Amino acid sequence: MRFLIALLILAAVTLGVLYTFGGVKLGLVTITPAQMWNAQGENTYAYLNGGGGVQVSGECKARSGSAILRLTDPDGLQVGGQECPKGTWSINMAGKGKLGSYRLSIAYLDYTGSLNVKVDR
């Protein structure tokens, strides 16, 4: 019984530290809708454009904080950008014309809410 109580205390402390310093993220942003609590940091995803372009769409529902999405082309130039502050917002960005790897970067600034991103190539 003491072991179980110690394990529960350790789990609670670990979740508290994660929430404070990095946030908690459940889900895979570009595959399934993701729920986040106090998310911080930046994630980058790469998509290969075979000629048809890269289309990023979706929805973000922020309860607090913000998420900043940036789409860059193979040369590193930003071709799309959007911020998701508090509220419900649609996401729609496109990169066309250049063959190569497009990058989607998402920066989280104490973001609490959900994020559902779909990428079509």
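Brief remarks on what is shown
- All positions within segment 83-114 that are closer than 21 Å to THR72 by Cβ, assigned to a strand (DSSP E or B) and open to solvent by 70 Å² or more (accessible area, probe 1.4 Å): GLU83, TRP89, SER90, ASN92, ARG103, LEU109
- Taking first residues from segment 44-58 that are within 14 Å of MET93 (Cα to Cα) and partners that are surrounded by 14 or more Cβ atoms within 10 Å (Cβ to Cβ) and of a type in the set (Ser, Thr, Tyr), the Cβ contacts under 7 Å between residues at least 6 apart in sequence or on separate chains come to TYR47/TYR102; VAL54/TYR47; VAL54/TYR102.
- Segment 48-65, residues that are assigned to a strand (DSSP E or B) and surrounded by fewer than 19 Cβ atoms within 10 Å (Cβ to Cβ): LEU48, ASN49, GLN55, SER57, GLU59, LYS61, ARG63, SER64
- Exactly one residue out of VAL117, VAL79, VAL29 is crowded, with 18+ Cβ neighbours inside 10 Å and part of a loop (DSSP other than H, G, I, E, B), and it is VAL29.
The values are calculated or read from the model by the stated rules, or taken from the named source; none is laboratory data. Since the model is a prediction, treat every value here as computed from it, not as a measurement. Every residue, glycine among them, receives a Cβ derived from its backbone with ideal geometry; neighbour counts consider all protein chains shown. Only protein heavy atoms, including side chains, enter the accessible area calculation; ligands, DNA and RNA are left aside. Shrake-Rupley method; radii C 1.70, N 1.55, O 1.52, S 1.80 Å.
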